[in-house]
2 protein chains.
Amino acid sequence: MGQKPITFFRQVLALCAYPDLLDDNKFPEDAKQRARRILGACGGHSIGAYSASQGIECIRQDVSRYIEKRDGGIPSNPDNIYLSTGASDAIVTMLKLLVCGEGPDRTGVMISIPQYPLYSAALADLAAVQISYYLDEDRCWGLDVAELKRALSAARTHCNPRVICIINPGNPTGQVQSRKCIEDVIRFAKEEHLFLMADEVYQDNVYAEGCKFHSFKKVLFEMGPEFSSTVEMASFHSTSKCYMGECGFRGGYMEVINMDPEVKAQLTKLVSVRLCPPVTGQALLELVVNPPQPDEPSYSTFMKERTEVLAALAEKAGLTEKTFNTVPGIICNPVQGAMYTFPRITLPQRAIDTAKEEGLAPDMLYCMRLLEEEGICLVPGSGFGQREGTYHFRMTILPPTEKLKVVLQKIRDFHVRFTKQFS
Amino acid sequence: MGQKPITFFRQVLALCAYPDLLDDNKFPEDAKQRARRILGACGGHSIGAYSASQGIECIRQDVSRYIEKRDGGIPSNPDNIYLSTGASDAIVTMLKLLVCGEGPDRTGVMISIPQYPLYSAALADLAAVQISYYLDEDRCWGLDVAELKRALSAARTHCNPRVICIINPGNPTGQVQSRKCIEDVIRFAKEEHLFLMADEVYQDNVYAEGCKFHSFKKVLFEMGPEFSSTVEMASFHSTSKCYMGECGFRGGYMEVINMDPEVKAQLTKLVSVRLCPPVTGQALLELVVNPPQPDEPSYSTFMKERTEVLAALAEKAGLTEKTFNTVPGIICNPVQGAMYTFPRITLPQRAIDTAKEEGLAPDMLYCMRLLEEEGICLVPGSGFGQREGTYHFRMTILPPTEKLKVVLQKIRDFHVRFTKQFS
Ligand SMILES: Cc1ncc(COP(=O)(O)O)c(C=O)c1O
Ligand SMILES: Cc1ncc(COP(=O)(O)O)c(C=O)c1O
């Protein structure tokens, strides 16, 4: 999508891949230092060696320090950090660890609707029971405890609810949960004895004024020992999102909190089956949690690149919302964070009928027509889940601004045309 | 363990990580060409982008060409190639795909004893039934169809056997299966309607005179259409072994053969849950299957490095076997291939009794004492499985020759001492 990688990260990764370059005076000293530090922590000083299954120790330490800094000093223990093959791997592993039972004892897992499809897929694969709770589109995809309670008590009849998953900032909905809402969720998890899975891979992607990322861990600890020493939790992060966008490296981590030591031993055993996460992804994660510092030569370029990426995303978030809301029949919540918008579309009855005849979800018909007519690929809301009778699509805000403007214009024109055609 | 990475591979990986280096005249032209080719096949020309879940298409094509060349022209279809996060990932995924059923219908999976522990771990995790067949230590860890039949019919009473796994060359046993033996296994798989999983990650690690690597696929196709169009099979390869030894990159592939298209569709869906294998691992795999050619500038260095690594391994394989067989109470089969030796040790009755008192397997006691006395870590045979009443340890042959000599000498002295102490 045209987003440029952070120079410093790629320099260090090249140095790690081919350490002969350490003699090259083209590379800044801090990049070389970081590469030496990473290589020093690798078996045989090579990123080609297997690492410990939980991840390279010094990187886990740096992850802990990063979390402590992010959360204003709340302690983090490197023993609770598991490096992973992207967040996907950690999320799937954690679900696998938590799901058990048969029949009405089968583990139920609460996930938001609309959801990121990794969750429904992993639950189907594990034969766990998906407990859907709906985000409130009218309150900017907010999370309402009354809805959590409704979903939970409906589910108790046929499964054993044990886990609640939250994505914040949200995919596909782009909302940033308020501190109050996070407190409510934590209180709910405590009352109902649920393990809390906080998918926080978009933690640096917050754009809307007045919005701020609050980590579940920080809020948990600020609620006092009654909560911070009892609620079991895992938080997930990734090198794929934020300002780095390095999806191909498959880097990530999870931090587990208040996990029973015996369960944690099983987790460690479980991750060791696949030997270790990719060391290149671990190295990249090390750079994300330990970026150039103000007194280092790469700092100014790093900050410039980082700021540019995040500013461009913020601009595109605003542009997308504004443009969609000028179109009759499209209602778009603010893109407070993450990289997506999930606008609601009004479809004419005839379009709905036609879709039924063709055996398609109505928003699938809409997206297929758009693809055919304009070559633009959106994902229909039905792929993420939505309230019965409502229709949406998901679009990323990632294309370069000028391209995004063209895309938004084309979707607008298409929407008007489509509505006319089926009215 | 001191094994040096292949220069060409690391150069291309550095170029892919930091493409600014493409302007650097320090890199050979063929390395730059390969990097450009790989980047051209990546989304946005960056290894930071997600790839297709099955892997980058042009790399899958090159894997197919590599297999065709290896197997003397037998066709390979890139649609049947799945790139993976090391072979571990592909093996676990394939087992997951094949295991189903409950109670006496639960899928049974045949694995060799001694085995590589990935298999027993994955089967336990999937609650599949492990069907153990024993390799014949007296015939150089050969595979005997009578033993396969015995194991299978014993298992039929309590599960539904559907899969047979073979590791060739073997870990931990270091044998290379003969062509005849592979034919027997294929015939057995056909007769018993078993899915054949061929773990061939050590395919370039063959040292013993008279031994040759025969791929299951080649033998299958040479047995004629009666076999080649019916036996369902998957073969696994990895960037972690052979002459490259690049474990940290987590590269690998599997080729599936005669898989029902509907099952294959499920496989594709299954791998897409985790998005994609690490792109750096995919890039490395591309280089393994498409190494420098005779008319290219990097060829001579590449061949020199490759030959040196394999020659050193061959030397160490011979050295290990010879040294162990001079020790009374150690019997060591030839290390025909792979990177391991699994010698049998005779333990005095008093050592066995002492181990029992301490709640340890006798070979665990032996390995713990060795670790404490000499700082050498071997894995007890009980970790891999062995015939009741026999004891072994596994050692890699990877340490540099001079170090290996010291290690072998220390183990020899320890064995003599240990035997005396408990006699
Ligand atoms: C909410 C959410 N969680 C997890 C992931 C997985 O990311 P990765 O496996 O690349 O770290 C994604 C990717 O889009 C996501 O949107
Ligand atoms: C027989 C065998 N199969 C598979 C693997 C997994 O290798 P990787 O996941 O690194 O490709 C190994 C590693 O030691 C092995 O010995």
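Here A:Thr107 meets each of (1) over 21 Å from A:Lys241 (Cα atoms); (2) within 21 Å of the chain's Cα centre (by Cα); (3) of a type in the set (Ser, Thr, Tyr) with one exception, condition (2).
Could you please find all residues in the stretch A:96-117 being more than 22 Å from A:Gln266 (Cβ to Cβ) and open to solvent by less than 20 Å² (accessible area, probe 1.4 Å)?
So in the stretch A:96-117, the residues more than 22 Å from A:Gln266 (Cβ to Cβ) come out as A:103-104, A:110-117.
Residues satisfying the conditions are A:Met110, A:Ile111, A:Ser112, A:Ile113, A:Pro114, A:Gln115.
Taking the criterion of being more than 9 Å from chain B (Cβ to nearest Cβ), of a type outside the set (A, V, I, L, M, F, W, C) and under 31 Å from the mean Cα position of the chain (by Cα), the residues of the stretch A:5-39 that qualify are A:Asp30, A:Lys32, A:Gln33, A:Arg34, A:Arg36, A:Arg37. Screening the stretch A:274-365 for helices (runs of 4 or more DSSP H) wholly inside it with 1 or more residues that are buried (at least 16 other Cβ atoms within 10 Å of the Cβ) and either within 16 Å of ligand 1 (Cβ to nearest atom) or basic (Lys, Arg) (or both) returns the ranges A:279-289, A:299-324.
A:Glu29 - would you say it is farther than 30 Å from A:Phe221 by Cα and at pLDDT 95 or above? Write out each step before concluding.
Details: farther than 30 Å from A:Phe221 by Cα: yes; at pLDDT 95 or above: yes.
Here the answer is yes, as A:Glu29 does meet what is asked.
Inclusion of A:Met233 among residues that are over 13 Å from the mean Cα position of the chain (by Cα) and crowded, with 20+ Cβ neighbours inside 10 Å is warranted.
Yes or no, residue by residue, for (1) within 12 Å of another protein chain (Cβ to nearest Cβ); (2) part of a helix (DSSP H, G or I); (3) of a type in the set (Asp, Glu); (4) farther than 30 Å from A:Asp138 by Cα:
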position	(1), (2), (3), (4)
A:Asp79	no, yes, yes, yes
A:Ile91	yes, yes, no, no
A:Met94	no, yes, no, yes
A:Leu97	yes, yes, no, yes
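For the stretch B:51-77, taking the residues that are open to solvent by 10 Å² or more (accessible area, probe 1.4 Å), more than 10 Å from B:Tyr253 (Cα to Cα) and part of a helix (DSSP H, G or I), the one that is farthest from the other protein chains (Cβ to nearest Cβ) is identified as B:Glu68.
Do the conditions hold for A:Leu270, that is, is it within 22 Å of A:Phe195 (Cβ to Cβ) and out of contact with any strand residue (DSSP E or B) (no Cβ under 7 Å at 6 or more places or on another chain)? Judged against the criteria, A:Leu270 is a match.
B:Ala124 fulfils the conditions (1) out of contact with any helix residue (DSSP H, G or I) (no Cβ under 6 Å at 6 or more places or on another chain); (2) within 24 Å of B:Thr390 (Cβ to Cβ); (3) surrounded by 15 or more Cβ atoms within 10 Å (Cβ to Cβ) except for a single criterion, (3).
Residues that are within 16 Å of ligand 1 (Cβ to nearest atom) and aliphatic (A, V, I, L, M) were ranked within the stretch B:2-52; the one that is nearest to A:Pro399 (Cα to Cα) is B:Ala49. The requirement of being open to solvent by less than 10 Å² (accessible area, probe 1.4 Å) and either farther than 29 Å from A:Leu270 by Cα or of a type in the set (A, V, I, L, M) (or both) is not satisfied by B:Ile167. Do any strands (runs of 3 or more DSSP E) lying entirely in the stretch B:167-264 carry at least 1 residues that are over 24 Å from B:Ala155 (Cα atoms) and within 11 Å of ligand 2 (Cβ to nearest atom), and which ones are they? In the stretch B:167-264, the matching strands (runs of 3 or more DSSP E) lie at B:233-238, B:251-257. Within the set B:Arg156, B:Arg150, B:Arg187, B:Arg179, the sole residue that is closer than 18 Å to B:Asn258 by Cβ, open to solvent by 10 Å² or more (accessible area, probe 1.4 Å), away from ligand 1 (no atom under 16 Å from the Cβ) and not assigned by TED's automatic domain parsing to the domain that holds B:Val379 turns out to be B:Arg187.
Take the conditions touching a helix residue (DSSP H, G or I) at 6+ places or on another chain (Cβ under 8 Å) and within 14 Å of chain B (Cβ to nearest Cβ) and apply them to A:Cys332. Does it pass? Spelling it out, it is not the case that A:Cys332 is touching a helix residue (DSSP H, G or I) at 6+ places or on another chain (Cβ under 8 Å) and within 14 Å of chain B (Cβ to nearest Cβ).
Just one of the numbered conditions (1) within 16 Å of ligand 1 (Cβ to nearest atom); (2) in contact with a Pro (Cβ under 9 Å, 6 or more places away or on another chain) is not true of A:Asp199; which one? If we test A:Asp199 against (1) within 16 Å of ligand 1 (Cβ to nearest atom); (2) in contact with a Pro (Cβ under 9 Å, 6 or more places away or on another chain), just (2) comes out false. Take the residues in the stretch B:204-226 that are free of Cβ contacts under 8 Å to residues at least 60 places away in the same chain and either touching a strand residue (DSSP E or B) at 6+ places or on another chain (Cβ under 9 Å) or basic (Lys, Arg) (or both); name whichever of them is nearest to ligand 1 (Cβ to nearest atom). Looking at residues that are free of Cβ contacts under 8 Å to residues at least 60 places away in the same chain and either touching a strand residue (DSSP E or B) at 6+ places or on another chain (Cβ under 9 Å) or basic (Lys, Arg) (or both), I get B:Phe216. Step by step: first the residues of the stretch A:236-264, then only those that are open to solvent by 10 Å² or more (accessible area, probe 1.4 Å) and within 14 Å of another protein chain (Cβ to nearest Cβ), then the one that is nearest to B:Gly281 (Cα to Cα). Which residue is that? Restricting to residues being open to solvent by 10 Å² or more (accessible area, probe 1.4 Å) and within 14 Å of another protein chain (Cβ to nearest Cβ), the top hit is A:Cys247.
Look at the stretch A:380-409: where a residue is free of Cβ contacts under 8 Å to residues at least 40 places away in the same chain and a partner is open to solvent by less than 60 Å² (accessible area, probe 1.4 Å) and not in a helix (DSSP H, G or I), sitting 6+ places away or on another chain with Cβ atoms under 7 Å, you get A:Pro380/A:Ala361; A:Pro380/A:Phe393; A:Ser382/A:Ala361; A:Val407/A:Ile376; A:Val407/A:Pro399. Exactly one residue out of B:Asp71, B:Asp62, B:Asp89 is within 16 Å of ligand 1 (Cβ to nearest atom) and modelled with pLDDT of 95 or more: that is B:Asp89.
Checking each residue in the stretch A:368-400 for being open to solvent by less than 30 Å² (accessible area, probe 1.4 Å) and polar (S, T, N, Q) picks out only A:Thr390.
Answer with yes or no whether B:Pro277 is in contact with a strand residue (DSSP E or B) (Cβ under 7 Å, 6 or more places away or on another chain) and either farther than 22 Å from B:Ile113 by Cα or charged (D, E, K, R) (or both).
Yes: the conditions hold for B:Pro277.
Apart from one condition, B:Glu262 fits all of (1) in the same structural domain as B:Phe384 (by TED's automatic domain parsing); (2) charged (D, E, K, R); (3) without any contact (Cβ under 8 Å) to a residue 40 or more places away in the chain; the exception is (1). Of the residues A:Val279, A:Val273, the single one that is within 14 Å of chain B (Cβ to nearest Cβ), within 16 Å of ligand 2 (Cβ to nearest atom) and without any contact (Cβ under 8 Å) to a residue 60 or more places away in the chain is A:Val273.
The values are calculated or read from the model by the stated rules, or taken from the named source; none is laboratory data. What you see is a predicted model; the values in this text were computed from it and never measured. For neighbour counting, all protein chains shown are included, and Cβ atoms are generated from backbone atoms with ideal geometry for every residue, glycine included. Ligands, DNA and RNA are stripped out before the accessible areas are found, and what is left, the full protein with its side chains, is counted by its heavy atoms. Shrake-Rupley method; radii C 1.70, N 1.55, O 1.52, S 1.80 Å.
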